Amino acid sequence: GNSVTQMEGPVTLSEEAFLTINCTYTATGYPSLFWYVQYPGEGLQLLLKATKADDKGSNKGFEATYRKETTSFHLEKGSVQVSDSAVYFCALIMNTGFQKLVFGTGTRLLVSP
Amino acid sequence: SAVISQKPSRDICQRGTSLTIQCQVDSQVTMMFWYRQQPGQSLTLIATANQGSEATYESGFVIDKFPISRPNLTFSTLTVSNMSPEDSSIYLCSVGLQGWETQYFGPGTRLLVL
C-alpha cells in the first residue's frame, strides 16, 4: 500500500540554523504531497503542498520539492526560529478517485535560542 | 482555506460514558473527515462523513463505537461511546477543499478518559 516515511526526531537546532526534515514515499502512481505542522496544543495546519513532479511548495520560509526520481519531498528552511518548534507531518494522497490522506509518523523540531 | 471550530476543546470523562464532539465549518463542504491522534502518534482516519449519506468507517472503527452525524454541509458530530482509557486521544475533524485532495483541520478535541 501507499506509505510515507519520515526521519525520526526530535531534531534539535539552534536559532538561525538550516533545517532539513527528510520525507520519502511509496505509492502506486503519482500522489499529491503535503507538509502539515502541529504547534504545541493545537491542531494541524497545512504548511505547503505539491501536486506533481518538480513542483516546489513554499510557505513561511519553508520549501519542499516533489522529486519523482527519488520519491522524496524533503522539508527545508534556511534559518529556523524558536517559533518553528512543532511537529511536522509529511502526507500523501492519491489523485485517482477518492483516497485517504496517508501520514508519516511526524518529526518533532526543537529550536533553542 | 476554511475556518473550522471544534467543541469541546478538551474534556476529562469517566469510563463508560459517552462524549459528542462537534465540528463547525464556515463554508459549505461536501467531505468531512474525523481523525484520531493517540498520544505521541500520527493521525489515523476514523471515518469519512458526507452529507446525506452514512459515514464510511475505516478498518478498526465501527459505527457503534463512533457514531457520526452529518446533518448539513457545515456541521458534523462524532460521538465516542462507552469510553475507556484507551480512547484518550486528540480527535480532529477536517474538511476537503479544492476537491478532496487538500484537507484543512480543526484545532482538535483533547480527550482524557479516567
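The values are calculated or read from the model by the stated rules, or taken from the named source; none is laboratory data. Predicted model only: the values in this text are computed from it and were never measured. Methodologically, a virtual Cβ is constructed for each residue, glycine included, from the backbone with ideal geometry; neighbour enumeration extends over all protein chains shown.
The number of residues in the range B:75-99 that are within 14 Å of chain A (Cβ to nearest Cβ) and surrounded by fewer than 20 Cβ atoms within 10 Å (Cβ to Cβ) comes to 3. Which of the residues spanning the range B:24-48 are away from chain A (no Cβ under 11 Å) and under 9 Å from the mean Cα position of the chain (by Cα)? Hits for the range B:24-48 are B:M32, B:W34, B:R36.
Scanning the range B:49-71 for residues that are farther than 30 Å from A:T5 by Cβ and either within 11 Å of chain A (Cβ to nearest Cβ) or touching a residue at least 40 places away in the same chain (Cβ under 8 Å) (or both) gives a single hit, B:N50. Counting only residues that are touching a residue at least 24 places away in the same chain (Cβ under 8 Å) and part of a strand (DSSP E or B), the range A:58-89 holds 10 of them. Consider A:I21 carefully, then state whether it is of a type in the set (V, I, T) and under 25 Å from B:V95 (Cα atoms). Answer is no for this residue. Note on the range B:12-55: residues that are in a strand (DSSP E or B), surrounded by 12 or more Cβ atoms within 10 Å (Cβ to Cβ) and at pLDDT 90 or above total 21.
Might you check whether a residue that is surrounded by fewer than 18 Cβ atoms within 10 Å (Cβ to Cβ), away from every other protein chain (no Cβ under 14 Å) and either hydrophobic (A, V, I, L, M, F, W, C) or under 15 Å from the mean Cα position of the chain (by Cα) (or both) occurs anywhere in the range A:36-43? No, that holds for no residue.
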